[in-house]
1. Is there any pair with a first residue in segment 181-195 that is over 17 Å from Phe152 (Cβ atoms) and a second that is of a type in the set (Gly, Ala, Ser) and open to solvent by 40 Å² or more (accessible area, probe 1.4 Å) whose Cβ atoms are under 7 Å apart and which are 6 or more apart or on different chains, and what are they?
2. Tell me the residue from Thr253, Thr260, Thr227, Thr298 that is open to solvent by 10 Å² or more (accessible area, probe 1.4 Å) and touching a Ser or Thr at 6+ places or on another chain (Cβ under 7 Å), please.
3. Just checking, how many residues over segment 289-303 are closer than 23 Å to Trp142 by Cβ and in a helix (DSSP H, G or I)?
4. Would you please list the contacts, defined by Cβ atoms under 6 Å and residues six or more apart or on different chains, that run from a residue in segment 139-160 that is buried (at least 20 other Cβ atoms within 10 Å of the Cβ) to a residue that is polar (S, T, N, Q)?
5. Report yes if some residue within segment 266-282 is touching a Pro at 6+ places or on another chain (Cβ under 9 Å), small (Gly, Ala, Ser), surrounded by 16 or more Cβ atoms within 10 Å (Cβ to Cβ) and part of a loop (DSSP other than H, G, I, E, B); otherwise report no.
6. So the check is Cβ under 6 Å with 6+ separation or different chains; which pairs have a first residue in segment 202-213 that's in contact (Cβ under 8 Å) with a residue 40 or more places away in the chain and a second one that's among the charged types (D, E, K, R) and open to solvent by 20 Å² or more (accessible area, probe 1.4 Å)?
7. What number of residues within segment 162-196 are at pLDDT 95 or above and either within 18 Å of the chain's Cα centre (by Cα) or closer than 23 Å to Thr253 by Cβ (or both)?
8. Are there any pairs with C-beta distances below 9 angstrom linking a residue in segment 108-132 that is touching a residue at least 60 places away in the same chain (Cβ under 8 Å) and under 19 Å from Ala83 (Cα atoms) to a residue that is open to solvent by 40 Å² or more (accessible area, probe 1.4 Å) and polar (S, T, N, Q), with the two at least 6 apart or on different chains, and if so which?
Amino acid sequence: MATVNPRSDLGPLRVLSIDVEDYFQIESAFSVVGRDNWHAWEPRVERNVDLLLSLFDRLKRRGTFFCLGYVARQHPQVIRRIAAAGHEIASHGTMHDRLHRLDATSFRDDLLTSKALLEDQCHQPVVGYRAPTFSVTPQTAWAIDVLVESGFTYDSSIFPVRHPLYGVPSAPDRPFMVRGSATGASILEIPPLTWHVGGRHWPVAGGGYFRLFPLWFMKRGLAQAATQQRPAVLYFHPWEFDPDMPRMPLSFTGRLRTYTGLASAEKRLAHIMASSARWVRIIDVVDELLASAAERPTFTLGE
């Protein structure tokens, strides 16, 4: 079987990805912090992105930053700083809508708006996309055709796990070609890291899992991915490193998922980043991943 890391002398292939959004835009706050009230909450995305840029620079790492078009519109300096530091700029949509709240037409508008805003700020092509809350699922399989039609090269929105809001448990755990329907166009899909144990893929790529569970969960996933020679795509959000951010009126579960582990998150991430590996931006290996994915069957999401 072909692998995605022929340069094994450089170590396992790993990607640090950041979903650039502010704390009041998270899905847990959707029902309690309306968009018409976003302006009433203190913006902290600039402070938190700067913290991450400093950490990346200190450890000499480069990553892929999936940025909201809203952030590019309200804080263009943030996008410019990310690009100037040598990181890849990719799209996280414009208004942080789960795709289940959109249709093909509104998604296309949201997608192209973000692409135009980001390219205007970073002066480089934006070819990658990640849906808010990994919301490319069988119910939103039409998004694949929209991504292809809109000129994107890859997507990183399909999480091969079980979760109440997202996840496609039957999806491959390594980069693959995906199409929305049997007759639709295909695109490269780059899933986040999972740890396969007990007959299931467990989410160990970042986010709340990174802050709520012992660090050895992620380390086990990283070790397994290295052994199986598949990429390990990690994801984080700027607000996850901000223990002083304002508290929102979230549900008990929302508070648990959002505010647990903020004080220790930076130290934990630095520990993971310091490990020896082939740390890359997605754009640096996209041709390699495309070639490898093309050797395996295309996954049809809408089936």
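The values are calculated or read from the model by the stated rules, or taken from the named source; none is laboratory data. Note that the structure is predicted; figures quoted are calculated from it, not measured. Heads up, the Cβs are rebuilt from the backbone with ideal geometry, glycines too, and the neighbour counts pull from every protein chain shown. SASA here: full protein model, heavy atoms, side chains in, ligands and nucleic acids out. Shrake-Rupley method; radii C 1.70, N 1.55, O 1.52, S 1.80 Å.
1. Close Cβ pairs satisfying both conditions: Ser181/Gly302.
2. After ruling out the rest, the residue left standing is Thr298.
3. Within segment 289-303, residues that are closer than 23 Å to Trp142 by Cβ and in a helix (DSSP H, G or I) number 2.
4. Pairs found: Pro160/Thr194.
5. Yes, some residue in segment 266-282 is touching a Pro at 6+ places or on another chain (Cβ under 9 Å), small (Gly, Ala, Ser), surrounded by 16 or more Cβ atoms within 10 Å (Cβ to Cβ) and part of a loop (DSSP other than H, G, I, E, B).
6. Gly208/Arg257
7. The number of residues fulfilling the criteria is 19.
8. Sorted first by the residue in segment 108-132, then by its partner, the pairs are Val127/Thr153; Gly128/Thr153.
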